[in-house]
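Note sheet for the following structure.
The values are calculated or read from the model by the stated rules, or taken from the named source; none is laboratory data. Not measured: the values here are computed from a predicted model. Quick reminder, even Gly has a Cβ in these numbers, built from the backbone with ideal geometry, and neighbours come from all protein chains shown. For accessibility, only protein heavy atoms count, side chains too; no ligands or nucleic acids. Shrake-Rupley method; radii C 1.70, N 1.55, O 1.52, S 1.80 Å.
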Amino acid sequence: NNYSAEFSNAAGGVINLVTKSGSNQFHSTSMASFERPELQSSNLSESLRRQGLSNTEPLRYLYDMSADLGGRLIRDKLWFYGAFVQQDRVAGAVGFASGPGADGKYLTEDDPLADIRTRMRYGAVKLSYQPTRRNRLIFAWQPTEKYQPQGIPPEPNRFRPLESTQDYRLLSSMYKGELQSTLTNRMVFNVVAGYGGFLGDWAPWRSKFAGPVVPGNPPRLDRETGLNLGTNPRDEIEHRDKWQMDSGLSFFPERVLGGKHEL
């Protein structure tokens with residue numbers, strides 16, 4: 001997998017992320033993008049219409065905004081960096097209905113369509129403190145929020161209309177504390193401790209759009225058509241925490257075995 005020696009031989013991918021740091025000068029950037037339905041085409045065909053579809057995945061809107069700022073709190077001693085990103089997308093899904101049409105039946109062409117919303121928020125805060133010329137302390141925090149009030153796609157679909165969806169929220173965060181120390185001109189030491197975890201929350205009873213979670217409205221499946229009605233059966237919380245600690249000592253000899261090396 002071409003991993004470097006710092007990583008274990010565990011299965012899966014490896015991401016090496018370097019967050020920006022503040023400096024003695026103040027720097028900031030910002031960005032915003034927006035998309036409307038006029039910028040989207042459709043592949044709805046007569047063949048799809050004959051199957052009872054009246055639209056594909058119509059976009060209502062999509063926007064993405066971000067900004068960051070970095071600089072000094074104390075010149076040559078304490079620096080900060082902060083960033084924020086928010087993405088919001090509202091769009092339909094093939095056959096996803098808000099209710100039965102005038103005929104009182106689902107899976108027909110007159111079903112009014114419903115939308116699916118996905119909102120993402122990302123944050124980053126980093127502080128760097130240099131108490132001495134050879135030592136630096138770093139603290140970083142990255143919170144994330146994902147909000148989907150109609151549930152996680154592909155579940156909101158033609159066979160699970162709005163009345164049988166659920167509210168989904170995912171909160172995650174990362175913390176890190178690190179010491180970087182230059183012991184000599186050829187020797188560097190660092191130690192880092194951190195946490196990463198998330199809380200996934202599926203709650204049909206919290207939904208503002210689905211039917212109530214009450215006696216008399218159980219989950220129902222029509223085996224003939226595949227249609228799911230009633231209360232969404234998934235109601236759970238998934239919580240994972242991971243604490244880690246690592247350290248390293250790097251040595252750069254001036255010239256060993258005919259060349260320059262890193263140990």
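Largest first and in whole Å, the equivalent-ellipsoid semi-axes of region 202-263 read 62, 16, 9, each the square root of five times a Cα gyration tensor eigenvalue. Taking a ≥ b ≥ c as the square roots of the eigenvalues of the alpha carbon gyration tensor, region 148-263 is prolate, as a/c is not under 1.5 and a/b beats b/c.
For the chain, the mean residue ellipticity at 222 nm estimated from helices alone is -500 deg cm²/dmol, where every DSSP H run of n ≥ 4 contributes -39500 (n - 2.57) and the total is divided by all residues, rounded to the nearest 500. The accessible-area ordering, largest first, of the residues Ile116, Ile15 stands as Ile15, Ile116, per a 1.4 angstrom probe. Rounded, prolate or oblate for region 67-117? Axes are the square roots of the Cα gyration tensor eigenvalues, ordered a ≥ b ≥ c, and the cut-off for rounded is a/c under 1.5. Note, shape of region 67-117 comes out prolate. Restriction of the trypsin sites (Lys or Arg not before Pro) in region 156-224 to DSSP coil positions whose beta-carbon has at most 14 other beta-carbons within 10 angstrom yields Arg186, Lys208, Arg223. When Asp222, Asp76 are compared by accessible area at a 1.4 angstrom probe, the order from most to least is Asp76, Asp222.
Tell me the Kirkwood radius of region 85-229: reciprocal of the mean inverse pair distance over distinct alpha-carbon atoms, in Å. Display every interim value, and only then the final one.
Details: mean 1/r = 0.0531 Å⁻¹.
By the Kirkwood definition, the hydrodynamic radius is 18.8 Å.
Can you give the local net charge around Ser45? Use residues other than it whose beta-carbon is closer than 15 angstrom to its beta-carbon, Lys and Arg +1, Asp and Glu -1.
Values: positive: Arg49, Arg50; negative: Glu46, Glu57, Glu109.
With Lys, Arg at +1 and Asp, Glu at -1, the neighbours total -1.
Counting charges near Pro253 (Lys, Arg +1; Asp, Glu -1) among other residues having Cβ under 15 Å from its Cβ returns a value of +1.
If you filter region 158-263 for GluC sites (Glu not before Pro), then keep DSSP loop positions with at most 14 other Cβ within 10 Å, what is left? Those that pass, being in a loop and sparsely packed, are Glu224, Glu254, Glu262.
Return the subset of Lys126/Lys242; Lys105/Lys146; Lys20/Lys242; Lys126/Lys146; Lys146/Lys176 for which the Cα-Cα distance in this structure is over 29 Å, preserving the input order. From Lys126/Lys242; Lys105/Lys146; Lys20/Lys242; Lys126/Lys146; Lys146/Lys176, over 29 Å: Lys105/Lys146. Rolling a 1.4 Å probe over the protein heavy atoms gives the chain an accessible area of 64 Å² per residue.
If I compute solvent accessible area with a 1.4 Å probe over the protein chains, what percent of it on region 1-155 is carbon and sulfur? Numbers along the way, then the final one.
On the way: 5260 of 9740 Å².
Percent of accessible area from carbon and sulfur atoms in region 1-155: 54.
Length available on full extension from Tyr175 to Val191: 0.36 nm per residue minus the Cα-Cα distance, which gives 4.3 nm.
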